[in-house]
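**Student:** Below is one structure. I have some questions about it.
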């Protein structure tokens, strides 16, 4: 029985999209070596997905598809396809489902063998670093501009030093992924600039990936970041903070200049992100003078390439550089990252974007 929030048409489109994703994964990871199974949605929360060898059925939880980001759905799909691969291609049926053959296949193919499909949480050591960074960002709320700037700079410096240490200790690296923001049908220039900023200054690799929106029956794009769990939390905070701050600055700009419409909104937002990027680049130059230079980790780049073996680079034209862009750029240069903690200092230090409970 279909979910009451999905019409029969949306349910049909959803199953068709899952079949297309199965074919895409089969081509990308298994060289089209798998035979199409019967793919069904099941109304259960007891498991996220399941490969049934006897009936050649690949089950995907309907609540998973409707409640979790599409990237997690694909991870679960890949995991179940790895079970199919072990059974039908390797001919292994005597081991337990997550036995040696399955784990070895997942390691070789770059598929998560943990079955959960969910992005991993920071380790205890990483949480301590995130807490220290969060407290510095909270100090950056100071109304004194010099104190705020000093706290924000200290947070950025701590992130840089931490990642230099992690890079020296190969055993400490453990990469994951996360999707930032809601899927969108069109990626704006402001969103592309923000993605560049996050990838350049916050120790993650980013890529725009196609996703499906089950409740709309449409495809879209979402920003995916790869990195350590702690860096992903901080980068997500920056992403959410900047999007909310840019919208607030646009509202203030409209009010101050008596603007009624939103004709120049996207241009202004692109200016905000450009100004913020320039500010961070200036800080990075100062850190370079101090001898703190972080070289992008080849292992992290390899992790992203494993997740996305075929990456296309697309050039985009920028927005019109009018007065709205200049105003936004100036506003972006004055942004100070702050308020990275929720509640009292006793909180675990989880970084949250504005507007979250």
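**Student:** Just want the ordering: 197, 209, from fewest to most Cβ atoms lying within 10 Å of their own Cβ.
**Tutor:** Working: 197 23, 209 19.
Ranked by crowding around the Cβ, least crowded first: 209, 197.
**Student:** Among DSSP beta bridges lying fully in the stretch 1-97, give the percent that are antiparallel, nearest 5.
**Tutor:** Bridges in the stretch 1-97 that DSSP calls antiparallel: roughly 45 percent.
**Student:** Please state the shape class of the stretch 1-55: rounded when a/c is under 1.5, otherwise prolate if a/b exceeds b/c and oblate if not, all from the C-alpha gyration tensor.
**Tutor:** oblate
**Student:** I need to check one value: relative contact order of the stretch 8-109, counting alpha carbon pairs closer than 8 Å and at least 6 residues apart, in percent. Kindly include the intermediate steps, with their values, before the conclusion.
**Tutor:** Working: 99 pairs, mean separation 21.3, N = 102.
Once normalised by length, the contact order is 21 percent.
**Student:** Given the peptides 188-196, 233-241, arrange them by the average over their residues of other C-beta atoms within 10 Å, most packed first. Display every interim value, and only then the final one.
**Tutor:** Values: 188-196: 20.4, 233-241: 23.4.
Ranking the peptides 188-196, 233-241 by packing returns 233-241, 188-196.
**Student:** How much FRET efficiency would the formula 1/(1 + (r/R0)^6) give for residue 326 and residue 95, where r is the Cβ-Cβ distance and R0 is 51 Å, rounded to 0.05?
**Tutor:** Efficiency computed from Cβ-Cβ geometry: 0.20.
**Student:** Next question. Mind pulling up the Rg/Rh value for the stretch 8-109? Radius of gyration and Kirkwood radius, both on Cα. Before the final figure, lay out the partial values.
**Tutor:** Numbers: Rg = 13.3 Å, Rh = 13.9 Å.
When Rh is taken as the Kirkwood radius, the ratio is 0.95.
FYI, it's all coordinate maths here, none of it is from the lab. Small disclaimer: the values here were computed from a predicted structure and weren't measured. We place every Cβ from the backbone using ideal geometry, glycine too, and count neighbours over all the protein chains shown.
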